[in-house]
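To start, the structure itself, in structure tokens.
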Amino acid sequence: TKTHQSRLVPLSQNSLKVMGQYLGWRREVLADSLPPEAPLVVSLHPGYRGKRISYGGIYAAVERIAQQSRRLCLVEWVKTEGEGAIAPVLTDQCAQSPLLKEAIDHLLQGDAEGYWDEAAEAALLPQVPPEIQRVLEELQGVYPHQFRHTYATQLLLTMGITPEAARKLTGHQSQAAFRRYAMRAEQQAAMNAFRAAEESGKSLVPKLKELKD
């Protein structure tokens, strides 16, 4: 933590499963016995192999994952079930634009051979539909601290944990800093309560019969 204070963080069942897979992989690759004092997440950088991963290392890993996700999203949109085929939505456009067809061929070839053609990606992006564009934009500029925001928000909104308990889990020292998450949760809870009341038959505006009475 920023204050260098330790705290307990519970792991979900999915997280425990992934952690078990990681530890098995680590024993096999690093051949270490994982003594209690050993760092849990280690770096594989040649100069720091086996040492605790730094924030810079985590930042680089998250950035790389986001980049790979962008590429996978783009390639999956282009591909169909037929190997190397072009998505039907692009067929007519490619017939009219040999350059677009060439860009797609380069994109698929690069992905298959383990490299990425940045020029091909740039040429293809204008053809991507808005819903895919939004996903690609969301995957730009991803950084690790965003996951902390997501964690705090989901504790409150998805799991319904009280702000006091959630703050204990996130380790926020300042109540004011954590308040922004609580305010969002309270706003969402108010909206949910309104919808629930409306669905139960209660109406904000009196019904016509009630007005007549």
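The values are calculated or read from the model by the stated rules, or taken from the named source; none is laboratory data. For clarity, every value in this text was computed on a predicted model and none was experimentally measured. Don't worry about glycine lacking a Cβ; one is built from the backbone with ideal geometry, like all the others, and counts go over all protein chains shown. The accessibility values were calculated without ligands, DNA or RNA, using every heavy atom of the protein model including side chains. Shrake-Rupley method; radii C 1.70, N 1.55, O 1.52, S 1.80 Å.
For ILE104, ILE65, the ranking by accessible surface with the largest value first comes to ILE65, ILE104, using a 1.4 Å probe. Taking only Cα atoms and a 10 Å spring cutoff, compute GNM fluctuations for the chain and point out the largest among GLY56, GLY24, GLY114. Checking each option, the largest mean-square fluctuation is seen for GLY114. Classify the stretch 116-213 as rounded, prolate or oblate, taking a ≥ b ≥ c as the square roots of the eigenvalues of its Cα gyration tensor: rounded when a/c is under 1.5, otherwise prolate if a/b is larger than b/c and oblate if not. Oblate, because a/c is 1.5 or more while a/b does not exceed b/c. Of all stretches in the chain that contain no trypsin sites (Lys or Arg not before Pro) in a DSSP loop with at most 15 other Cβ atoms within 10 Å, the longest one is 52-201. Roughly how many percent of the accessible protein surface of the chain is carbon and sulfur, given a 1.4 Å probe and a whole-percent answer? Solvent-exposed carbon and sulfur of the chain make up 57 percent of the total. Among HIS172, HIS45, HIS145, the residue with the largest mean-square fluctuation in a Gaussian network model of the chain, with springs joining Cα atoms closer than 10 Å, is HIS45. With a simple spin-label model that places each label point 7 Å from the Cα along the Cα-to-Cβ direction, the separation between ARG64 and ARG195 comes to 4.0 nm. A DSSP coil position with no more than 14 other Cβ atoms inside 10 Å describes the following chymotrypsin sites (Phe, Trp or Tyr not before Pro) in the stretch 1-65: TYR48. The chymotrypsin sites (Phe, Trp or Tyr not before Pro) of the stretch 129-213 include none that meets both conditions, a loop assignment by DSSP and at most 13 other Cβ atoms within 10 Å of the site Cβ. Derived value for the chain: Kirkwood hydrodynamic radius 22.4 Å. Basis is the mean of 1/r over every pair of different alpha-carbon atoms. Would you be so kind as to identify which of LEU139, SER69, ALA190 lies farthest towards the positive end of the dipole of the chain, taking Lys and Arg as +1 and Asp and Glu as -1 on Cβ and the Cα centre as origin? Farthest towards the positive end: ALA190. Counting only protein heavy atoms and a 1.4 Å probe, the chain has 73 square angstrom of accessible area per residue. Helical runs (DSSP H, four residues minimum) scored at -39500 (n - 2.57) apiece and divided by the length of the chain put the mean residue ellipticity at 222 nm at -20000 deg cm²/dmol. When the chain is treated as a GNM, springs tying every alpha-carbon pair under 10 Å, which of LEU74, LEU169, LEU30 comes out with the largest mean-square fluctuation? With Cα springs under 10 Å in the chain, the top fluctuation among LEU74, LEU169, LEU30 is at LEU30.
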